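Notes to accompany the following structure.
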Amino acid sequence: ALAADPHVLVRREALRTLAALAAIDQLGVIEAALDDGEPGVHFAAADALAKVNGPQTPGRLLAVLEKHGMAKTREACLVALQSVLAQAEPALIEGAKAALYPVREVSVRALEKSTSPGSLAALLSALREDEDYRIRFWATRGLARRHQPEAVQALLAALKDPEPTVQLGAARALGELAPALSEEEGNEALS
């Protein structure tokens, strides 16, 4: 009942308490709070879903980003989606192609923790095709964990991206991958 209280602070604390109690029987209450008009409440709901979640949670988290795409909401949804990465991955792969920036950003950033072929394809596509340089930058972060030749080649190509932020992301990613690069790839990256 307190999750529906008229006072925003009570609603927010109720959600935090449900998370602390791991109240899986209250999952519907927590997910419904994502639609609360008060930012502090939907932040708390997204935070709670990192601990208490179900099969519909990934879709609900991505849907809240369509309505409330502010930075704190993106961060809370990112943490929650990473906590359920195995079940969220199909939705994240689709989300990486979404029309709205907040959905794409969180999807690409969450896929950084994955090692699946589907997530690799989504990150490569984001790096090569997304018009927003921020998404391309986040894709470089996700590819920094990939030792596959196609990831290395995409990062080498990103060194020539028109946006310096993406170039920097690619350079950092290649630096992290340096021990796995062939001599030829290492020379190309250094040049």
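Tabulated data for the structure shown
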| quantity | calculated |
| --- | --- |
| Fraction in percent of alpha-carbon pairs per bin - 5 Å, the chain | 1, 9, 17, 17, 16, 12, 10, 7, 6, 3, 2, 1, 0 |
| Prolate/oblate/rounded call for region 22-121, Cα gyration tensor, a/c under 1.5 rounded | oblate |
| Probe 1.4 Å, protein heavy atoms only - accessible area per residue of the chain in square angstrom | 49 Å² |
| Top of V79, V52, V29 by mean-square fluctuation, Gaussian network on the chain, Cα under 10 Å | V29 |
| Whole-percent carbon and sulfur share, accessible surface of the chain, 1.4 Å | 55 percent |
| With DNA, RNA and ligands ignored, accessible area of R145 (1.4 Å probe; Å², nearest 10) | 110 Å² |
| Charged-residue dipole, Cβ positions (Lys, Arg, Asp, Glu), region 67-191 about Cα centre, Debye nearest 20 | 580 debye |
| Karplus (6.51, -1.76, 1.60) ³J(HN,Hα), θ = phi - 60°, over region 2-11, in Hz, Gly and Pro reported as x | 5, 5, 10, 4, x, 8, 4, 5, 5, 4 |
| Cα→Cβ-extended label distance, 7 Å offset, between A86 and K51, nm | 2.2 nm |
| Distance between modelled label sites at D25 and R134, nm, 7 Å Cα→Cβ extension | 4.2 nm |
| Inter-probe distance in nm under a simple model that places probes 7 Å from Cα toward Cβ, at A121 and E163 | 2.4 nm |
| Ellipticity estimate at 222 nm from DSSP helix runs (n ≥ 4, -39,500 (n - 2.57)) divided over the chain, nearest 500 | -21000 deg cm²/dmol |
| Global form of region 92-174, assessed from the alpha-carbon gyration tensor, a/c cut-off 1.5 | oblate |
| ³J(HN,Hα), Karplus 6.51/-1.76/1.60, whole Hz, each residue of region 62-78, x for Gly, Pro | 5, 5, 5, 5, 6, 9, 10, x, 5, 4, 5, 5, 4, 5, 5, 5, 4 |
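The values are calculated or read from the model by the stated rules, or taken from the named source; none is laboratory data. What you see is a predicted model, and the numbers here were worked out from it, not measured in a lab. Positions of Cβ are generated from backbone atoms using ideal geometry, with glycine treated the same way; all protein chains shown enter the neighbour counts. With ligands, DNA and RNA removed, areas are computed over all heavy atoms of the protein, side chains included. Shrake-Rupley method; radii C 1.70, N 1.55, O 1.52, S 1.80 Å.
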